[in-house]
1. Considering only DSSP beta bridges with both partners in segment 103-274, what is the antiparallel share in %, to the nearest 5?
2. Just report the Cα centroid separation between segment 143-197 and segment 345-370, whole Å.
3. Hey, in the GNM for the chain with a 10 angstrom Cα cutoff, which one of 332, 152, 406 fluctuates hardest?
4. Among the DSSP beta bridges whose two residues both lie in the chain, what percent are antiparallel, rounded to the nearest 5?
5. Under the classification rounded if a/c is under 1.5, otherwise prolate if a/b is larger than b/c and oblate if not, where does segment 103-274 fall, given a ≥ b ≥ c as square roots of the Cα gyration tensor eigenvalues?
6. What list do you get for 33, 82, 407 if you sort them by fewest beta carbons within 10 Å?
7. In what sequence do 171, 369 fall when counting other Cβ within 10 Å, fewest first?
8. Quick one: Cα centre-to-centre distance for segment 283-306 and segment 386-412, in angstrom?
Ligand code: LLP
């Protein structure tokens, strides 16, 4: 459930008409809903109730400071994968003690930064990283709290570009070598082994892959304890999918996911961490664009928008589906016709939807892409000399621009022309 609904014939973001925000900010723009973010965080919190837990929101899904502050104020931790994301979490008031640092390529500088900010946990993904963490910790005279990310060789049954738990993926330490890795970790100075971490992929629409991964982690935890390791935390990663097609998709509910967590790892006496990104932010955001042309092509109609693949890359990159709805509510029973919804960027990949049945839309009309709050603005670029898309956060009947659209001058001023040119 989200808070982008029609009221009085107009799409609203909570209590604010989307058209009012557009009048103030222009298009394209992202709009996020505080009530939806809050609700999704609480749903997870309740799903894990009874277990000691931390919901470490995956900053990569939507790293806007206003979003991080909203979630941080509810008690969320943050899962970060770079110093930049770590700094964002800190800037939003989330202390290092609630930050989990994941990622396959942490540099020595990033590890030192994390240790200096009392990071809650480093999720270490390789033997090589383990050695570097130890070296940095010793040099900085600190002890690094470490969980090893194991690769359980489980097929997440999701898009190949976002599956991470198979042995051919670059992520994690093969689970068959986990005991060896933990023994090495224990022997290394500057490392305190505290937990086990796993993350098998994103946009999972079935609980079965989670179940096999979590069972493997439970079994491993028992073995590691026999080996003398003090495993006190289990990080189960993120990945629970959302309904991108509201009409016909119903991925598992956080409540059922929580029950699975309790069933598989709940009796180990560990603190449980999860790292959801998409489920918290995805349906808490829309991208709004305006129709520039309704172009009659050879046997098809193109709706050319002022939003493009540089603003929302998911359809171009993963062939992802986003529901597209007019901002002005269509009359009941109005006939739909198939159109191709495209952006102005100069490649055919700049296509949001092909042969999508939509009610009549003309130049000047506003449309909203639903489920765009996660992996939307964070993946945007300035391709084709387009300005970075702005972001707005709504809370009840208020809204605030939480990232302004830069001016063309600001965008151009970031470049410099070297002195050797004439
Ligand atoms: N933890 C780790 C270690 C991750 O790599 C990810 C996502 C998450 C948590 C959060 O997963 P979520 O709950 O959001 O599924 N750009 C792609 C998704 C990339 C996901 C990468 N890792 C997309 O637009 O579908």
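Only the coordinates and a few stated rules stand behind these numbers; no lab work does. All values reported here derive from a predicted model rather than from experimental measurement. Note: ideal-geometry Cβ built from the backbone for every residue, glycine included; neighbour counts use all protein chains shown.
1. Numbers: 1 of 19 bridges.
So the antiparallel bridges amount to about 5 percent of the total.
2. 42 Å
3. For the chain, modelled as a Gaussian network with Cα springs under 10 Å, the answer is 332.
4. 50 percent
5. prolate
6. Final ranking by Cβ density, sparse to dense: 407, 82, 33.
7. On the way: 171 22, 369 26.
With the fewest neighbours first, 171, 369 line up as 171, 369.
8. 21 Å
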